[in-house]
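Here the structure comes first, spelled out in structure tokens, and everything after it is commentary.
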Amino acid sequence: MIAEELINHMIPPLKPSDDGHKAIVWMDEFRCNHLPVVEEGILLGFISEEIILECNDIEKRVGDFELVGKNAIVELDSHFYDILRVAGENKLQIVAAIDTTGHYAGVITVQEIMTSFAQTASVQMPGSILVLLIDLINYSLAEICRLVEENNAKVISSNIVEDTLDKGKIKVTIKINHLDLSRIVATLERFGYTVIGRYQENQQEIGGRERIDMLMRYLNI
């Protein structure tokens, strides 16, 4: 999935001349915490209800507020991982997409990315999730896959994040196409891997909200 495919065309941009009252009404109508402020096709930043209320002047022009997220932009061909990274760096649940000329093309919400990703094969396929704590210098996805495959299973997808408590370690999260993890965990531990989390889903009972929650744990968001 790329940015162009994830744009929410229902969320409109504000003009700098619009007032705070209009911004609050639109945020309520479109159920979003931030709205983009765009002038002549250029993103000026995002405004939130909190920014407006802190100023205590809803008649003030949105262009006169101190906007946030001026760098919360991605190009239309950006991968959704890059979109999530930009959203996280700017501490926003929304980012703007721009075309090759740098002009505003629309906004993408993190919630929509999660919903779209939750429909992909790596999430929809039945299976379970394991989280491993590994020394970065010893990390080998090929070896992990080999050990999993020795137990007649497959690694569907993987994700790594740096351990905040030890910069020399990483947390490796893998989705496996098996529900029973006991033999796989035993094999990994026998080869020195530390399993710090396991999430076994029930394909018949898991619903949309539970699947997104599992996805959030998988991406460590």
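The numbers here are math on the coordinates, done by the rules we state, and not lab data. Note that the structure is a prediction, hence the values are computed from the model and not measured. Cβ sites come from the backbone with ideal geometry, for glycine too, and all protein chains shown count toward neighbours.
Of note:
- Gyration tensor (alpha-carbon) shape descriptor, the chain, a/c threshold 1.5: prolate
- Couplings 3J(HN,Hα) of the stretch 191-199, computed from phi: 9, x, 7, 9, 8, 10, x, 8, 9 Hz, in residue order, whole Hz [Karplus 6.51 cos²θ - 1.76 cosθ + 1.60, θ = phi - 60°; x for Gly and Pro].
- Site-free segments of the chain were taken between GluC sites (Glu not before Pro) in DSSP loops having at most 15 other Cβ atoms within 10 Å, sites themselves excluded; the longest one is 67-149.
- Modelled FRET efficiency - R0 35 Å, GLU29 with TYR199, Cβ distances, 0.05 increments: 0.45
- Computed label-point distance, nm, for sites SER182 and LYS91 using a 7 Å Cα→Cβ extension: 4.6 nm
- For ALA96, neighbours were defined as the other residues whose beta-carbon sits under 12 Å from its Cβ, and their charges (Lys and Arg +1, Asp and Glu -1) total -1.
- The lysine pair count for the chain, using Cα distances under 17 Å and pairs eight or more places apart or on different chains, is 5.
- Degrees separating the helix 80-90 axis from the principal Cα axis of the chain, which is the longest one: 60 degrees
- Cα gyration tensor category, rounded, prolate or oblate, for the stretch 39-165 with a/c compared to 1.5: prolate
- Computed lengthening from ASN159 to ASP99, 0.36 nm per intervening residue step minus Cα-Cα distance: 18.7 nm
- Using alpha-carbon coordinates, inclination of helix 20-29 to the longest axis of the chain, degrees: 40 degrees
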